[in-house]
Protein chains: 4
Amino acid sequence: MFHGVIPPLCTPLTDDGEVDTASLERLTGFLLGAGVHGLFVGGSTGEIAQLSDDDRDTALRTVVATAAGQVPVLAGAIDTGTRRVLDHARRAQELGADAVVVTAPFYVGIGEAEVRAHYELLHARLELPVVAYDIPSNVHVKLPSALVGELAQAKVITAVKDSSGDLEGFQKVMNGTAGSGATCLTGSETLADLAMARGADGIVPGLGNVDPHGYVRLYEAARAGDFAAAREEQRRLTALFGIIDVADRGRVGPISAALGAFKAALASRGVIACARAQEPLLPLTADEARRVSALVESAGLSRVG
Amino acid sequence: MFHGVIPPLCTPLTDDGEVDTASLERLTGFLLGAGVHGLFVGGSTGEIAQLSDDDRDTALRTVVATAAGQVPVLAGAIDTGTRRVLDHARRAQELGADAVVVTAPFYVGIGEAEVRAHYELLHARLELPVVAYDIPSNVHVKLPSALVGELAQAKVITAVKDSSGDLEGFQKVMNGTAGSGATCLTGSETLADLAMARGADGIVPGLGNVDPHGYVRLYEAARAGDFAAAREEQRRLTALFGIIDVADRGRVGPISAALGAFKAALASRGVIACARAQEPLLPLTADEARRVSALVESAGLSRVG
Amino acid sequence: MFHGVIPPLCTPLTDDGEVDTASLERLTGFLLGAGVHGLFVGGSTGEIAQLSDDDRDTALRTVVATAAGQVPVLAGAIDTGTRRVLDHARRAQELGADAVVVTAPFYVGIGEAEVRAHYELLHARLELPVVAYDIPSNVHVKLPSALVGELAQAKVITAVKDSSGDLEGFQKVMNGTAGSGATCLTGSETLADLAMARGADGIVPGLGNVDPHGYVRLYEAARAGDFAAAREEQRRLTALFGIIDVADRGRVGPISAALGAFKAALASRGVIACARAQEPLLPLTADEARRVSALVESAGLSRVG
Amino acid sequence: MFHGVIPPLCTPLTDDGEVDTASLERLTGFLLGAGVHGLFVGGSTGEIAQLSDDDRDTALRTVVATAAGQVPVLAGAIDTGTRRVLDHARRAQELGADAVVVTAPFYVGIGEAEVRAHYELLHARLELPVVAYDIPSNVHVKLPSALVGELAQAKVITAVKDSSGDLEGFQKVMNGTAGSGATCLTGSETLADLAMARGADGIVPGLGNVDPHGYVRLYEAARAGDFAAAREEQRRLTALFGIIDVADRGRVGPISAALGAFKAALASRGVIACARAQEPLLPLTADEARRVSALVESAGLSRVG
């Protein structure tokens, strides 16, 4: 059902912190124009953790309307417990999402049986397909690969997005879900060529906001079996990914550094109007933003439109 | 402003998972009757991570109405980002809470500057006092004691609740907030006597749902300087706290084990009608619940009413 | 068998990095003069991780000779596997140690069954008593309190040294070893009064090198049931412990900061000749050493001899 | 200098726990016969953490003698501090090793400056080349990729062995060491084809004890640019690597499970006489060993000799 390049969209904001729907429409159009195969609204890169419920709705509504059915729209339903996720997922369905992306419960310490119950309950009560989202850096628990395999074989989940950075684990997931029809997506910006070589069905790269054409080329090369070309594209994209290391990490945390860089790059390409991130995240300094722009240019990316 | 024993209330549920307001009124009355000095609605023990927004509202409304101003009611406003916390906090204010309890942002990786900005923004935009909540087991970052001290001295926070289990860090917090007027509350069930001996202003024990009289006695003894009596009470309560180790941890995770035990104990004392926890948490087995009952009895606790 | 204040001795070095036996004799005499109840050679504070086998022998031989049977001498036998620990322990016995202090195996990932086997094998093959050493910050696994209790009840271990900083866990250890005759020692510099209030038999404080009189007073007060006096002494010692926060932690790691401070303080008190630490640890800067000296003075400590 | 397949040799033991030199000679010959390009004695797989100094010497002496200069022999010099590593490294040089493999200091908490000093001191005082060994699962600190690059460019280290499982980090290491002449080796059993595709110079797989022919084929295919063939070989080897998941992990820890499986497989292939591991590691049960044998057979591996 899902495959190819599915960028987790940034949520552009106005200077006063509201969702900038004009910029978000432009970003959506930019991604569609590059040939992406799906759109993921409400990931970490979309600042789901910082947006209010209203902001989340506005973002999803805008992307669904702009995409107009050209590609599937996945919506994050990320929260600490099953009932909360259900409420978000039902709202996403009303707003036109094609699937929801769901992590294990977090904040309190749960066990594998509760994780299993969480997905089974969601599946039983939702009409939308559920994508299991493995992001141990945020959830602080890794989805066990055996459990993912079982949930896929039982059709409880439709796909898995692996943002663990652990290719060995992702291989186990691909082995365990084989034959289930579930698709396996990597969330890695820098190991996408390798994940594709191992049999991934698609890529969900935050950096895909900035250079969707690059990831589409990488994906198409890999699909055609030309892994040398995929690797060359990956090499360029990995260098570009250096933009997340520009911010002074003594000043800001990792998420401000990464999101700030993506947004600064999108602003420098003329896709979005303003690079601010949602509170309490901190933006790049003007000097850091200039260094991001320089890296964007040296990756061969020009201004859009 | 806040002091003494402030139990984080369990949220009793009906058999079909709705908030059991009759049981919650009974629990609130039971705690007030024991002489607690405040009520905390919406902590981990209150299953805030599992309750829907509607359920959270119902619980807070019920407790505020039952307390009827006899003691302050603190409400958890626990979410991943500042705007989301603001929305919860404003709702809590509408419903009559006297303060909100707020962790650092979680789920995405943030730095100290963002944590500081988070609390400063909340303080600037809220009328309610803010209690900083340090619970590294859930948030996966410890609130730096120096930052807590600065926020207290600047009147950005009114109190701190320390559930880190780290008495050395709590001592630093008490030293750093000295003279600010901020109160320092420990969240430890088992080190409460020691925290009081070191100068804590109060205790927020999940086990206080089950044995509020015990914690009130411990607190009063410590306030009177009788640390030997406080220690004796602590010894009994620590043994009672063994109820959280009854559940088979190969079957369920730590939060199911702890909440399941608290609720089984409350049911066995006749305070609440049903011991189920909110999905995806799993309840104790009937046999485990019987073992909890036996521990409750051997701690000298009888059926209520 | 072991009780009271048992400082983990620093290992003074000469300017070229050899064990400075004259300074070590002076340090030993200084501690004995303060009334300590035992001496621990070869802990982290003794730089066991940095000393060669020959240096370790020299240090132990020197302390044993200087102590001359006045108090027991414990020797660290810290290594990654059972056979290696056995070799160190037998050497310690030859050199006159009264007991060996042994962590769980580290470096490779082991399970509880292997930890149990480790201690049982050591007990079976050694004549010296074995002290179990729980220091999760170094070993990266916590000794399970239930296991410690079983090993104590089976007389496999004679004592436990808890440097976990986790008083709740230490309480479980004390409960589990009760009646076994095993003694329970805390390694905490800053929670020693509380550990004593809960029933600890002794204290193994690195800071005891610098202010052994203070810890002896704290211990004696607590033994006499005067916990208020113990707390006052603890308060002064906790302030003094601030010397470990003097070093610029952007420049050096935690162990260089702590050891560097202890040695700078000992040098400023005239107990040892040179404050250098063993490679690759880095010493304090001259300015940092001056700030340590100032803190030592403001804690009321004067030059010795 | 180093390249290709360099298995970290198991250390076969007799029934009473002594080094079984006959089996070790046979294992060495088996590996050389398969065409490996180097031999690594004294890694985790060689139970360096469990072997006594004498056992380590015996193992290294045996392998050096059997290899007789056909391929380079690398020796682990794994210990907690610089002086200790120096002593091990000098001994390894006396015994004929061609290089030493050295981790960052461990057990105590050190900073980056101390790690840098550690490698610089070793380089200054040793004649043997130093291979930096990044194994965060054991050392609990990751070697920063920028530091590895600097040490390589300064000729302080000759090679790096990456056992982090983090291909993104390994890519940074390969980028940072480019042009320095340092060789980059992966320690991954299951991502070896991908590491080779990204430009690794060699592989140090524990599973290479069991199936050296497979890893040599994988390496040769990758060197020839035939990554499809490398991937096929990898697939078979990854399935074989399932032997480390046979042991009941409720009974034993990860290192007993992995080493026990390697040794059981080598015994079932007739290469070594006895599958026991060194204390306190626990062997597989007879039933587990039979299941390992079955997996070995289904991977197409037959009895040797």
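FYI, it's all coordinate maths here, none of it is from the lab. Remember, it's a predicted structure, so these values are computed and weren't measured experimentally. With ideal geometry, Cβ positions are generated from the backbone for all residues, glycine too; neighbour counts draw on all protein chains shown.
Taking a point 7 Å out from Cα toward Cβ as the label site, list the nm distances between D:GLY300 and the same residue in every other copy, smallest first.
Copy-to-copy label distances for D:GLY300: 3.9, 7.3, 7.9 nm.
Determine the alpha carbon to alpha carbon distance for each of C:LYS142/D:LYS172; D:LYS142/D:LYS172; A:LYS142/D:LYS142; C:LYS142/C:LYS172; C:LYS172/D:LYS142; B:LYS142/D:LYS172 and list only those over 24 Å.
C:LYS142/D:LYS172; C:LYS172/D:LYS142; B:LYS142/D:LYS172
Neighbour counts of other C-beta atoms within 10 Å: give me A:SER137, C:SER268, D:SER298 arranged from fewest to most. Spell out each step's value before the answer.
On the way: A:SER137 16, C:SER268 22, D:SER298 12.
Ordered from fewest to most neighbouring Cβ atoms within 10 Å, A:SER137, C:SER268, D:SER298 come out as D:SER298, A:SER137, C:SER268.
What size of dipole, in debye to the nearest 20, comes out for region B:4-225 about its Cα centre when the only charges are +1 on Lys and Arg C-beta atoms and -1 on Asp and Glu C-beta atoms?
680
Rounded to whole angstrom, how close does the nearest chain D beta-carbon get to the axis mapping D onto C, and which residue is it?
Nearest Cβ to that rotation axis, in whole Å: D:HIS140, 3.
Which stretch or stretches of region A:227-252 have amide N atoms under 17 Å from the point lying 7 Å from D:ALA178's Cα along the Cα→Cβ direction?
A:228-243
Starting from the Cα gyration tensor of region B:4-225, take the square roots of the eigenvalues, sort them a ≥ b ≥ c, and report rounded, prolate or oblate (rounded when a/c is under 1.5, otherwise prolate if a/b is larger than b/c, else oblate).
Cα axes put region B:4-225 in the oblate bin.
One decimal, nm, shortest first: give the distances between the label point of B:GLU25 and those of the same position in the other copies, each label point 7 Å from Cα along Cα→Cβ.
Distances between equivalent label points, in nm: 5.3, 8.3, 8.9.
Calculate, for D:ARG303 and B:MET1, the FRET efficiency according to 1/(1 + (r/R0)^6) with r their C-beta to C-beta distance and R0 56 Å; round to the nearest 0.05.
After rounding, the FRET efficiency stands at 0.10.
Counting pairs of alpha carbon atoms under 8 Å apart in space and at least six apart in sequence, what relative contact order in percent does region A:260-305 give? Intermediate results must be reported in sequence, preceding the final value.
Values: 44 pairs, mean separation 20.2, N = 46.
Relative contact order for region A:260-305 comes out at 44 percent.
Only Lys, Arg, Asp and Glu count, each charged at its Cβ (+1, +1, -1, -1), so figure out the dipole size of region B:55-95 about its Cα centre, rounded to 20 debye.
Here region B:55-95 has a charge dipole of around 80 debye.
Note down the relative contact order for region D:207-266 as a percent, whole number, built from C-alpha pairs under 8 angstrom at least six residues apart.
This gives 32 percent for region D:207-266.
When chain B is treated as a GNM, springs tying every alpha-carbon pair under 10 Å, which of B:GLU233, B:GLU189, B:GLU168 comes out with the largest mean-square fluctuation?
B:GLU168
Could you check which residue among D:ASP57, D:ASP162, D:ASP16 shows the biggest mean-square fluctuation in a GNM of chain D with a 10 Å Cα cutoff?
D:ASP16
Nearest 500 deg cm²/dmol is fine: what mean residue ellipticity at 222 nm does the protein assembly as shown get from its DSSP H runs of n ≥ 4 alone, each adding -39,500 (n - 2.57), divided by its residue count?
That comes out to -14000 deg cm²/dmol.
Quick check: net charge around C:ARG236, other residues with Cβ under 14 Å of its Cβ, Lys/Arg +1 and Asp/Glu -1?
-3
For region C:1-99, take N as its residue count and report Rg(C-alpha) divided by 2.2 N^0.38 Å.
Rounded to two decimals, the normalised Rg is 1.00.
What nm distance separates the two modelled labels at D:ARG90 and B:ALA68, each placed 7 Å from Cα along Cα→Cβ?
Result: 8.4 nm between the two label points.
What does the charge add up to near D:HIS37, with Lys and Arg as +1, Asp and Glu as -1, over the other residues with Cβ less than 15 Å from its Cβ?
Numbers: positive: D:LYS161, D:ARG217, D:ARG223; negative: D:ASP98, D:ASP201, D:GLU220.
Value of the local net charge: 0.
Take D:ARG249, A:ARG291 and order them by how many other Cβ atoms sit within 10 Å, fewest up front.
Least crowded to most crowded, the residues run D:ARG249, A:ARG291.
Taking every pair of alpha-carbon atoms in the protein assembly as shown, give the share separated by more than 48 Å as a whole percent.
34
Quick one: order B:VAL64, A:VAL271 by neighbouring beta-carbon count within 10 Å, fewest to most.
Ascending number of Cβ neighbours within 10 Å: B:VAL64, A:VAL271.
Can you check what the net charge comes to around B:THR14, using other residues whose Cβ is under 12 Å from the Cβ of B:THR14 (Lys, Arg +1; Asp, Glu -1)?
-4
Could you name the aspartates and glutamates whose alpha carbon sits less than 16 Å from that of C:LYS155, not counting residues in the same chain fewer than 8 places away?
C:GLU120, C:GLU127
Pulled fully out, how much extra length does the chain show between B:ALA286 and B:ASP54, if you take 0.36 nm times their separation in residues and subtract their Cα-Cα distance? Walk me through the intermediate numbers first.
On the way: separation 232, 0.36 × 232 = 83.52 nm, distance 2.98 nm.
Length gained between B:ALA286 and B:ASP54: 80.5 nm.
Report, ordered by chain and residue number, the aspartates and glutamates lying within cross-link reach of A:LYS161, taken as a straight Cα distance under 16 Å and ignoring same-chain residues fewer than 8 apart.
Within the straight-line limit of under 16 Å, A:LYS161 reaches these aspartates and glutamates: A:ASP98, A:ASP134, A:GLU150, A:GLU189, A:ASP193, A:ASP201.
Would you give the gap between the C-alpha center of region C:4-32 and the C-alpha center of region B:119-171, rounded to a whole Å?
42
Counting pairs of alpha carbon atoms under 8 Å apart in space and at least six apart in sequence, what relative contact order in percent does region C:4-225 give? Intermediate results must be reported in sequence, preceding the final value.
On the way: 414 pairs, mean separation 44.3, N = 222.
About 20 percent, as a whole number.
How far is B:ARG90 from itself in the other copies, in nm, if each label sits 7 Å out from Cα along the Cα-Cβ line, shortest first?
Label-point separations across copies, in nm and ascending: 2.4, 7.2, 7.5.
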